[in-house]
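Trainee: Here's a structure for you.
The values are calculated or read from the model by the stated rules, or taken from the named source; none is laboratory data. Bear in mind the structure is a predicted one, so any value in this text is a computation, not a measurement. All Cβ positions, even for glycine, are placed from backbone atoms using ideal geometry, and neighbour counts span all protein chains on display. Ligands, DNA and RNA are excluded from the accessible area calculation, which covers all protein heavy atoms including side chains. Shrake-Rupley method; radii C 1.70, N 1.55, O 1.52, S 1.80 Å.
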Amino acid sequence: MASSPQLLKVVTFTLDGTDYSDDALDLEVVPTPGDIQSVRTLDGVSQSDAEAETWGLRVRAVIDWDTTRPGLAYYLFNNKGDKVAFRFRKDTAAISTTNPEIQGTVTLVPISYGGNGNEYAEAEVVLPIDGEIVIDTTP
């Protein structure tokens, strides 16, 4: 069977039910491996244990401090520390087995302010995902 590679063009990306797709340049759910502890006993046997991985939602976005919509930068700064639901899928088509949606809860952290002169300001932030992620394929 042929693979179905993802091409992110127009995505669905919400935080606490509000659409921030207009601010996003890149989105990625990234794992961080857990720590591994190892010990070798005097009989020469090695024992090891690995902690579970953690997840983060990496967002590269344009910096938008608009207070009326609000822009993502403004929202993250004014709600830092809050835990909110997120939804992310590769396009705006319906959820399906070939277009799954990633869902979970993130802790909001601020994104940077400013950028290079004479260029659109953009920055990257990793929002820690609390608990497990859900891959929803239910139409």
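Trainee: Can you pull out the residues in segment 21-52 that are among the acidic types (Asp, Glu), open to solvent by 70 Å² or more (accessible area, probe 1.4 Å) and under 27 Å from Leu72 (Cα atoms)?
Mentor: Residues satisfying the conditions are Asp22, Glu28.
Trainee: Further, regarding this structure: Taking the conditions exactly as written (touching a Leu at 6+ places or on another chain (Cβ under 9 Å) and among the small types (Gly, Ala, Ser)), does Gly114 satisfy them or not?
Mentor: No, not satisfied.
Trainee: Can I ask one more? Tell me whether segment 4-20 contains one or more residues that are touching a residue at least 12 places away in the same chain (Cβ under 8 Å), open to solvent by less than 50 Å² (accessible area, probe 1.4 Å), over 22 Å from Thr138 (Cα atoms) and aromatic (Phe, Trp, Tyr).
Mentor: There is at least one residue in segment 4-20 that is touching a residue at least 12 places away in the same chain (Cβ under 8 Å), open to solvent by less than 50 Å² (accessible area, probe 1.4 Å), over 22 Å from Thr138 (Cα atoms) and aromatic (Phe, Trp, Tyr).
Trainee: Something else: Can you tell me how many residues in segment 53-67 are in contact with a Ser or Thr (Cβ under 9 Å, 6 or more places away or on another chain) and either outside any strand (DSSP E or B) or under 22 Å from Gly114 (Cβ atoms) (or both)?
Mentor: Looking only at that region, the number is 2.
Trainee: Give me the residue from segment 86-102 that is of a type in the set (D, E, K, R) and assigned to a loop (DSSP other than H, G, I, E, B) and, out of that set, surrounded by the most Cβ atoms within 10 Å (Cβ to Cβ).
Mentor: Within segment 86-102, the match that is surrounded by the most Cβ atoms within 10 Å (Cβ to Cβ) is Lys90.
So that you can scan it fast, the table gives a plain yes or no per residue for (1) more than 17 Å from the chain's Cα centre (by Cα); (2) modelled with pLDDT of 95 or more; (3) open to solvent by 60 Å² or more (accessible area, probe 1.4 Å); (4) farther than 15 Å from Thr18 by Cβ:
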position	(1), (2), (3), (4)
Trp65	yes, no, yes, yes
Val84	no, yes, no, no
Gly104	no, yes, no, yes
Val109	no, yes, no, yes
Ala123	no, no, no, yes
Leu127	no, yes, no, no
